[in-house]
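The values are calculated or read from the model by the stated rules, or taken from the named source; none is laboratory data. Since the model is a prediction, treat every value here as computed from it, not as a measurement. Here the Cβ positions follow ideal geometry from the backbone for every residue, glycine too, while neighbour counts run over all protein chains shown.
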Amino acid sequence: MRAIVAAIALTLLLAVTACSPAVSGPGTSQVLRLNLSGEPATLDPARASWAGEVAVIRQVFQGLLGFNHDLTLRPVVAQEVPSAANGGISPDGRTLLFRLRQGVRWSDGEPVTARDFEYGLKRLLDPAIGARYASFYYAIVGAREYNTAKDTDDAGKSALRDRVGVRALDDRTLEIRLAEPRYSFLHLMALWPAYPVRRDMIEKYGDRWIEPATYIGNGPFKVTEWAHQDHITLETNANYWGTRPKLDKLVLRMVKDENVAYVSYLRGELELAAVPAGNEKAVMEDGALSKEIVRYNALSTFALQFNLKVAPFDNKKLRQAIALAVDRDSFISKVRSGVGRPAYSWVPPGMPGHDPALGKQYSFNPPQARQLLAEAGYPEGKGLPALKFQYSDVGANKTIGEFLQAQLKENLGIPLALEPMEPRAFSQMVNERKHTWAFFGWNADYPDPDNWLSEIFASGSRLNSTGYSNARFDELVQRAKAETEPQKRLALWSEAQRMMVDDVPAVFLYHRERFFLKKPYVLGLTTTGMDGLIPGDFFLGQVYIAPH
C-alpha cells in the first residue's frame, strides 16, 4: 500500500511541478490564500462547532479573553484577566468581573459594550438556538435551567433568561455569577461561543445576519464575500481597534479533496496546504518541498466513535474486540507515513492529564480480539449484523475507512460497509446521534482535561455523540471541575478517563501531528497545539507576504 501511494504521489508531484509557472516580480500583494476544506454550515458564533467555521469566526470576532502563543490566557477586549488580586474574582470564586477596554468598536464603527457580551452569552443559552457548546457554560447561575427549558412557554423562558447570572453593570463592566467555583471557566471566556454579537442585526435579519453585508464583527478582519460552496473572502476591518493586520485579504477556498488542494498549492494557487495522507514521505524526500514543511504536534485526538445506543455497538465485548483488532502502529506507518502517534486514550500528549500507559490493554492483539468476539456472541462473526462506518468525504478519510475495513476483515473475518457523506450531512447526522460508527476528531478548545472529558463523555452533554453514560464517571467529572488544588484535580481527571477508556465508547486511533506546506514568502505564521483547521488561525493578523 505504501509503495502504491508513494508512486502515485511522486507521479503527481513530477507532473504538477513540470507545468507550474515560475513566480517572479515584487509579489508584495498582501493576500493569503488558504483552504477551508468545505462549506461552513454557519458562521454564527453561538451555533458553530466545526473547525472550519471557527477558523473564520476567529478572524471576525474577538472575546474578552484570548490565548497567547504558549496558550496562557491574555486580555483582549477586557483590560485584564480577572483574578483575586485585581478584584476580578470574588473571595468565594463565584463572581467574575470583566472590565472592558476603551475604544473597542464593531466593524461598522459602533462601540462594543458589556451589553453585547451579555446578549451573546444569553443567546448562546437560548434553547431555541440549539447551541452545541451551550453546556460548556452551565457553571453560570441559571444557565442549565434556561438552556434545557425547550418545552417551557415564552413567559417561563423569559423568566429563566432573566435569572441567568450574566449582567452588564454598565457599558464597560460585565458580571458573571457562577453556581460553584470552576477552575477552567476563564478559559471558556476565550472561546468563540462567548464572543459578543450584535443584537440589532440578529433581530432585524434573523438567520441571514451571517451574510457579508450584515455580518458585523469586532475582530481584525471582516467577511466581504461568501461565494457558497466555493470561497470566502475576508478583508482588513478598517474600524479594528487593535493592531492592524499586515494582510489586506484572506481568501478561504472550499476544496474538499486534500489531493486537489495539494495540487493547487504546487501550482501556486494556495500559500498553505495540508499534505495528503500517504504523500508525506515523498514530500520529505523532495529537495524543494522539504524546505516548505510546517510540522508540529497538535492537541488533537482522532477516534472511531461508536453509537452505544445502537445495536450491536451496545455490546461492550464487541467494542473491545474491535479495539484489539486495529493495528495503530501499522496505521501510522502505512496510512500516515510516520506522521502522528498511536492513540490508546483520549487526552493527548502535551495536555495536563495525558497518561501514556492508559488504554494499552487495547493494543493490537488479534487472538484476544477473536476470543472477545466469540464471548460477545458472534464466534467468527457468525450472526453479527452488518456493520457500517460513516465518515465525512473529505481529505484522507476514505483512506482511513479503507484501512479500517481491511483490518476488520483480516483480523476478525467480518465485513465493514463504508458510508462516505457530504461534510454538512455527516456533521448533522453525528450531532443528532443517528450514526452507528463514525470517524471523528477533537482539537483542544482550551488546555484543560475537562475540555476533553466532561463535554464529550458526560451523560447528557450535547457534544456526547456516543451516548456514553456512567454515573461514577459523571461524579468524578463534577468533583474535578470544582477542585482548585492542581494535583487533586489531575488525579480525579485521571480516574475518570481510566474508567471511560475501559468502557470503550470509541477506538482511539491516533494523536495528530500537523503536516503542512507553506510558501517560503509567507512569514510571521505562529502555530499552536490548539490550532483549528487552518494552521496559525489564532494569529493570522501577524502573517505577511514577503517580496518573491
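What are the pairs, 6+ residues apart or on separate chains, where a residue within segment 511-525 that is free of Cβ contacts under 8 Å to residues at least 60 places away in the same chain and in a strand (DSSP E or B) has its Cβ under 6 Å from a residue that is surrounded by fewer than 17 Cβ atoms within 10 Å (Cβ to Cβ) and small (Gly, Ala, Ser)?
From segment 511-525, the pairs are LEU523/ALA546.
Quick one: which residue in VAL310, VAL326 is crowded, with 22+ Cβ neighbours inside 10 Å, in the same structural domain as VAL430 (by TED's automatic domain parsing) and of a type outside the set (S, T, N, Q)?
VAL326
Being out of contact with any Ser or Thr (no Cβ under 8 Å at 6 or more places or on another chain), under 27 Å from ALA438 (Cα atoms) and of a type in the set (Ser, Thr, Tyr) is the filter here; which residues of segment 278-300 pass it?
SER300
Residues checked against (1) at pLDDT 90 or above; (2) crowded, with 19+ Cβ neighbours inside 10 Å:
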residue	(1), (2)
ILE400	yes, yes
ALA406	yes, no
LYS409	yes, no
ASP445	no, yes
ASP450	no, yes
GLU455	no, yes
SER469	yes, no
ARG472	yes, no
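Cβ contacts < 6 Å: first residue on the phi > 0 side of the Ramachandran plot, restricted to segment 375-403; second residue at pLDDT 95 or above and assigned to a loop (DSSP other than H, G, I, E, B), any location; separation 6+ or different chain. Result?
Taking only residues 6 or more apart or on different chains, the pairs are GLU380/GLY413; GLY381/GLY413; GLY381/ILE414.
Okay, residues lined up against (1) at pLDDT below 95; (2) touching a Pro at 6+ places or on another chain (Cβ under 6 Å); (3) in a helix (DSSP H, G or I):
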| site | (1), (2), (3) |
| --- | --- |
| ILE176 | no, no, no |
| GLU180 | yes, no, no |
| ILE202 | no, no, yes |
| GLY206 | no, no, yes |
| ASN218 | no, no, no |
| LYS222 | no, no, no |
| THR233 | no, no, no |
| ASN239 | no, no, no |
| LEU247 | no, no, no |
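Please work out which one of (1) within 24 Å of GLU110 (Cβ to Cβ); (2) out of contact with any Leu (no Cβ under 7 Å at 6 or more places or on another chain) is the condition LEU250 fails and give its number.
Checking LEU250 against (1) within 24 Å of GLU110 (Cβ to Cβ); (2) out of contact with any Leu (no Cβ under 7 Å at 6 or more places or on another chain), the one that fails is (2).
Is there a residue in segment 251-267 that is under 30 Å from ILE293 (Cα atoms), of a type outside the set (Phe, Trp, Tyr) and touching a Cys at 6+ places or on another chain (Cβ under 8 Å)?
Yes; the residues of segment 251-267 include at least one that is under 30 Å from ILE293 (Cα atoms), of a type outside the set (Phe, Trp, Tyr) and touching a Cys at 6+ places or on another chain (Cβ under 8 Å).
Listed here are the residues, each with its yes/no results for (1) more than 24 Å from the chain's Cα centre (by Cα); (2) within 24 Å of SER465 (Cα to Cα).
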position	(1), (2)
ILE322	yes, yes
ARG328	no, yes
GLY350	no, no
LEU372	yes, no
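Among the residues of segment 374-404, how many are within 26 Å of the chain's Cα centre (by Cα) and either of a type outside the set (Ser, Thr, Tyr) or farther than 20 Å from ASP327 by Cα (or both)?
Going through segment 374-404 one residue at a time, the tally reaches 15.
Considering (1) assigned to a loop (DSSP other than H, G, I, E, B); (2) under 27 Å from SER392 (Cβ atoms); (3) of a type in the set (Phe, Trp, Tyr), say which one TYR265 fails and leave the rest.
(1)
Out of all the residues in segment 480-497, which are buried (at least 16 other Cβ atoms within 10 Å of the Cβ) and either charged (D, E, K, R) or part of a loop (DSSP other than H, G, I, E, B) (or both)?
Within segment 480-497, LYS481, GLU483, ARG489 meet the criteria.
How many residues, within segment 48-74, are in contact with a Lys or Arg (Cβ under 8 Å, 6 or more places away or on another chain) and either closer than 24 Å to LEU125 by Cβ or of a type in the set (Gly, Ala, Ser) (or both)?
So the count comes out to 5.
Can you list the strands (runs of 3 or more DSSP E) found entirely within segment 1-102 that contain at least 1 residues being touching an Asp or Glu at 6+ places or on another chain (Cβ under 9 Å) and at pLDDT 95 or above?
31-35, 95-99
For every residue, the table says whether it meets (1) touching a strand residue (DSSP E or B) at 6+ places or on another chain (Cβ under 6 Å); (2) surrounded by 14 or more Cβ atoms within 10 Å (Cβ to Cβ).
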{"site": "TYR138", "(1), (2)": "no, yes"}
{"site": "GLU145", "(1), (2)": "no, yes"}
{"site": "ARG161", "(1), (2)": "no, yes"}
{"site": "ASP170", "(1), (2)": "no, no"}
{"site": "GLU175", "(1), (2)": "yes, yes"}
{"site": "LEU188", "(1), (2)": "no, yes"}
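One line per residue, one yes/no per condition, for (1) within 21 Å of the chain's Cα centre (by Cα); (2) without any contact (Cβ under 8 Å) to a residue 40 or more places away in the chain:
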site	(1), (2)
LEU247	no, no
VAL260	no, yes
GLY268	no, no
ALA274	yes, no
GLY287	no, yes
LYS309	no, no
